[in-house]
Amino acid sequence: MASALGATFLLNDATLRPLLIATLVVTLIGSALTFRLHRNPLPVILTAISGPWIYFFTFVHWTPPLVWTGLAVLIGAQLWDYRRTRACTRNVATANTVAGESR
């Protein structure tokens, strides 16, 4: 299937390793930026812990259940971050509407 799509390079660890690192770094940066809005450090902490966890159990010591556990924690942290960010932006929008300001 990968060869039919011209994506056989994605089957090589030498390609996947930097892609995983880049994805985890972008996720951590996004989580850190939304922290400025909601001020809840736990999603950022969980993201910072689960990133190296996923990398270690994928490329250093292959343990699939622990990789999936790290992915579940990362996804959970991002969903939590998203909900907190949405709640804060709703509160700001509601406060502006009550104060007579419009966006």
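The values are calculated or read from the model by the stated rules, or taken from the named source; none is laboratory data. Only a predicted model underlies this, so the values are computations on that prediction, with no experimental measurement involved. With ideal geometry, Cβ positions are generated from the backbone for all residues, glycine too; neighbour counts draw on all protein chains shown.
Using the structure shown, decide if LEU33 is among the aliphatic types (A, V, I, L, M), under 29 Å from ALA87 (Cβ atoms) and free of Cβ contacts under 8 Å to residues at least 12 places away in the same chain.
For LEU33, the condition - among the aliphatic types (A, V, I, L, M), under 29 Å from ALA87 (Cβ atoms) and free of Cβ contacts under 8 Å to residues at least 12 places away in the same chain - is met.
Return the pairs, sorted by first residue and then second, in which the second residue is among the acidic types (Asp, Glu), the first residue lies in the stretch 49-66 and is closer than 27 Å to ALA32 by Cβ, the beta carbons are less than 9 Å apart, and the residues are 6+ apart or on different chains.
Hits for this filter: PHE59/ASP13.
Taking the condition of being assigned to a helix (DSSP H, G or I) and either at pLDDT below 95 or more than 10 Å from the chain's Cα centre (by Cα) (or both), how many residues in the stretch 37-81 meet it?
Adding up the residues that qualify gives 24.
Quick one: CYS88 ticks every box in (1) loosely packed, with under 13 Cβ neighbours inside 10 Å; (2) at pLDDT below 95 except a single one, so which number is it?
Here CYS88 clears every test but (1).
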